[in-house]
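See below for the structure under consideration.
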Amino acid sequence: MYSVALPIKQHDLLEIQDATREVISDKITTVAHVCNRILLVTPPQVPEEYFDVEMARQKRYPAFPPYGLSIINKRLHENGYVSEIIDLNYEVLASLHSTRRSFHYSVWQSKLQKRIEEFKPDLIGITCMFSMTAPQMYKVAEFIKKSYKNLPIIAGGVHVTTAARTVLAECRSIDFISLYEGDTSFVAIIDFINKKTTVDALRHIATQQKSRYFSLDNQLREYDIDAVPDYGSLPIGEYHTLGKIGAYHWLLDDKVCASAILSNRGCRGSCTYCSVNAFCGRGVRSRKVQVIVDEMECLKEKYNITHFMWLDDDLLYNRRRALELFHAIVKRNMNISWDASNGVIAASITPEIVDVAYKSGCIGLHLGIESGNQKILASIRKPSDLDDYRTAAAILKQYPGIFTKGFLMVGFTDETIGQVLDTVNLALELQLDWYPIQILTVFPSTEIQKSLSDNAGRRMGFKDKFFIGATGGQRLREKNEKVEAKEFKNLLAADPHIVPSDEQLKDIWFLVDYKVNYERILTEERIIKLNMIKKMLRDICNRVPENPLSTLFFGILEEKLGKHRASQELKVQAKTYLDNSTYWQKRFEVLNLYRYL
């Protein structure tokens with residue numbers, strides 16, 4: 001629907017549509033007079049205040065090639081425009097690795113300014129996929145406007161689309177927002193600036209005028225999605241040397257060159273906490289199998305890419321097509337590997353699919369589980385149920401060469417400790433190799449966000465939204481409680497009917513992580529799995545230094561593998577970390593872990 005921040009009656013809709021178009025078109029013609037050269041910008045991904053130089057040197061931060069911008073770049077070129085991409089995240093990481101002592105995070109500013117001076121763009125397009133990277137996008141936009149006040153800026157991406165009003169209100173340096181996928185609608189905006197089309201061609205665009213929000217947001221999905229990315233002069237073959245791509249980088253040799261690729265857009269599910277449908281629309285659209293495999297071969301030949309991470313939110317949508325895709329990779333004898341870090345829907349897992357997936361190079365995949373309680377699964381509208389998870393896990397167990405992870409989540413609305421225990425018990429029953437766990441984060445434009453906004457739900461007030469991660473709230477808490485830790489109890493042993501508070505959820509997260517990931521290592525005896533988990537624990541220890549829990553269990557794994565000297569050294573190291581932290585001492589006492597040192 002076309003919308004404006006005013007009360008709208010149905011019979012006024014046509015007039016409001018025309019008025020909205022007029023406001024937006026007037027603003028476009030005011031700020032942009034001609035546009036033949038477009039510079040597309042990816043902001044740095046980690047805020048300067050959280051940027052850890054040593055962690056970056058160890059390649060622990062994301063270094064994804066800008067897939068979305070590369071598609072926009074392709075479409076602009078197809079329509080006769082001159083465009084380039086500058087990836088400021090790459091520039092920051094590349095500068096860090098090339099200048100050992102003189103590194104400054106603000107290097108992105110000089111790199112961006114130099115590119116603007118040399119390229120002389122008529123317009124800037126800037127992207128923001130994740131809510132946590134919005135502040136960096138704001139800083140980039142503000143930096144541009146400070147030096148080039150007449151240079152129009154259009155922002156796009158998932159977060160920008162789902163929080164359009166907020167973005168425009170918080171960053172006045174952004175002139176317009178390109179809503180949704182933008183393959184053709186972004187080009188239509190450029191065409192309108194150049195008077196190639198009329199105002200009627202405008203869609204998927206929003207702006208703020210005199211503190212009022214205007215948008216043409218009747219979502220029309222892109223169906224011509226077979227465009228092959230155009231990365232321009234970006235050194236895609238070097239990205240893996242600067243940071244991580246996907247969740248299975250630790251399984252690969254450091255020399256393996258990795259990149260991302262897309263097979264499907266959208267997801268058949270409608271999970272209440274997810275923003276995929278808000279951005280892509282409902283349903284799934286698939287690219288042609290031949291186009292995908294040709295793209296993979298091209299990336300291998302041009303950049304020596306030999307590992308791919310699927311960006312899909314529903315990789316196995318349409319089993320027949322998934323089989324066709326994996327068989328095509330096998331048939332071409334590409335000698336590549338791949339992972340599905342974004343997760344697959346458990347209900348799609350069949351023996352035939354897993355078999356050909358493994359043969360085509362699958363080394364790891366996530367299952368989107370979230371909860372082990374059927375009532376919770378129904379309330380969040382998961383497309384799989386408990387039996388689907390059990391069936392998928394049983395099939396995957398026959399392929400120990402595939403490292404399996406299960407996404408888990410705690411902190412759903414009114415979720416009790418008993419329901420959290422259901423999740424723990426299901427995870428232990430499934431015996432996947434690892435379980436990334438997250439406290440529910442309420443993202444803009446999701447069903448859960450709308451329901452909580454309407455009811456002033458407590459989750460909207462949860463300040464530690466991005467609690468987990470190498471620079472998240474959990475790491476800060478460990479540091480802040482080194483000398484004097486808060487009380488710690490085994491909340492999973494409390495009254496199962498209690499709904500934990502926001503503060504208690506932090507300890508619930510810790511306990512679930514310990515139960516489903518660490519404690520069960522004590523009973524794992526499969527050598528192939530021990531070696532895989534060992535690689536992951538090594539990565540965790542490097543990424544989260546001075547962590548006695550991961551260090552201790554790394555030592556326990558070494559002992560199981562017959563590396564007694566290495567095991568003892570790790571246990572001594574864990575004891576050293578433990579002696580310096582009351583935070584960890586309290587947890588080791590409650591979990592009775594001192595006996596393993």
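Counting only cysteine Cβ atoms and a cutoff under 4.7 Å, the chain contains unmatched residues 35, 128, 171, 257, 267, 280, 298, 362, 541.
When you count the other C-beta atoms within 10 angstrom of each residue and take the mean per peptide, 19-28, 588-597, 547-556, 412-421 line up highest first as 547-556, 412-421, 19-28, 588-597. Cut-off 17 Å, label point 7 angstrom out along Cα-to-Cβ of residue 585: give me the residues of the stretch 528-560 whose amide nitrogen falls inside. What the label zone holds, given the 17 Å backbone N cut-off, is 547-549. Rolling a 1.4 Å probe over the protein chains gives residue 240 an accessible area of about 30 Å². A straight chain from residue 113 to residue 407 at 0.36 nm per residue would run longer than the Cα-Cα distance by 101.8 nm.
Between the helical axis of 67-78 and the longest alpha-carbon principal axis of the chain there is an angle of about 30 degrees. Taking every protein chain into account, the 1.4 Å probe leaves residue 489 with about 110 Å² of accessible area, to the nearest ten.
Heavy atoms only, probe 1.4 Å: what % of the accessible area of the chain goes to carbon and sulfur, would you let me know?
Numbers: 12810 of 25510 Å².
Carbon and sulfur atoms account for 50 percent of the accessible area of the chain.
Report the Rg/Rh value for the chain, based on alpha-carbon coordinates and the Kirkwood definition of Rh. Here the Rg-to-Rh quotient is 0.96.
For the chain, what's the relative contact order in percent, using C-alpha pairs closer than 8 Å and at least 6 residues apart?
Numbers: 1021 pairs, mean separation 64.6, N = 597.
The value is 11 percent.
Bridge orientation summary for the chain: considering DSSP beta bridges with both residues in this region, about 30 percent are antiparallel. Excluding residue 230 itself, calculate the net charge of residues whose Cβ lies under 13 Å from the Cβ of residue 230, where each Lys or Arg counts +1 and each Asp or Glu counts -1. Neighbour charge sum, excluding residue 230 itself: -1.
From the alpha carbon centroid of the stretch 265-309 to that of the stretch 362-429 is 23 Å. Sum up the charges of everything whose Cβ sits under 13 Å from the Cβ of residue 339, counting Lys and Arg as +1 and Asp and Glu as -1, but leave residue 339 out. Charge balance near residue 339 sits at 0. Look at the alpha carbon pairs under 8 Å that are at least 6 residues apart: their mean separation over the length of the stretch 225-321 gives a relative contact order of 37 percent. Add +1 for every Lys or Arg and -1 for every Asp or Glu among the other residues with Cβ under 13 Å from the Cβ of residue 96, and state the total. Residues close to residue 96 contribute a combined charge of +2.
Rounded to the nearest 10 degrees, the angle from helix 564-579 to the longest Cα principal axis of the chain is 70 degrees. Approximating the spin labels as points 7 Å out from Cα along Cα→Cβ, the residue 381-to-residue 490 distance works out to 3.9 nm. Measuring r between the beta carbons of residue 497 and residue 172 and using R0 = 45 Å, the FRET efficiency lands at 0.40.
Mind ranking 221-233, 439-451 by how tightly packed they are, going by the mean number of other C-beta atoms within 10 angstrom, highest first? Don't skip to the end; give the middle numbers.
Values: 221-233: 15.8, 439-451: 18.9.
So the order, starting with the most tightly packed, is 439-451, 221-233.
Is the shape of the stretch 26-93 best called rounded, prolate or oblate, per the rule: a/c under 1.5 gives rounded, else a/b larger than b/c gives prolate, else oblate, with a ≥ b ≥ c the square roots of the Cα gyration tensor eigenvalues?
Values: a/c = 3.99, a/b = 2.08, b/c = 1.92.
Verdict is prolate for the stretch 26-93.
Shape of the stretch 333-374 from its Cα gyration tensor (a ≥ b ≥ c, root eigenvalues): rounded if a/c is under 1.5, otherwise prolate when a/b > b/c, or oblate? Oblate is the answer for the stretch 333-374, as a/c is 1.5 or above yet b/c matches or exceeds a/b. When only Cα pairs below 8 angstrom with a gap of at least 6 residues are kept, the stretch 198-252 shows a relative contact order of 20 percent.
For residue 524 and residue 221, a Förster radius of 41 Å and the Cβ-Cβ distance give a FRET efficiency of 0.35, rounded to the nearest 0.05.
For an R0 of 56 angstrom, estimate the FRET efficiency from the Cβ-Cβ distance between residue 54 and residue 390 and round to the nearest 0.05. Efficiency at R0 = 56 Å is approximately 0.85. The mean accessible area for residues of the chain, using a 1.4 Å probe and ignoring ligands and nucleic acids, is 43 Å² per residue. Helix 502-513 and the long axis of the chain differ in direction by around 60°, with both axes built from C-alpha atoms.
The values are calculated or read from the model by the stated rules, or taken from the named source; none is laboratory data. Owing to the predicted nature of the structure, the values given are computational and were not obtained by experimental measurement. So basically every Cβ, Gly included, is an ideal-geometry build from the backbone, and we count neighbours across all protein chains shown. What goes into the accessible areas is simple: the full protein's heavy atoms, side chains included, and nothing from ligands, DNA or RNA. Shrake-Rupley method; radii C 1.70, N 1.55, O 1.52, S 1.80 Å.
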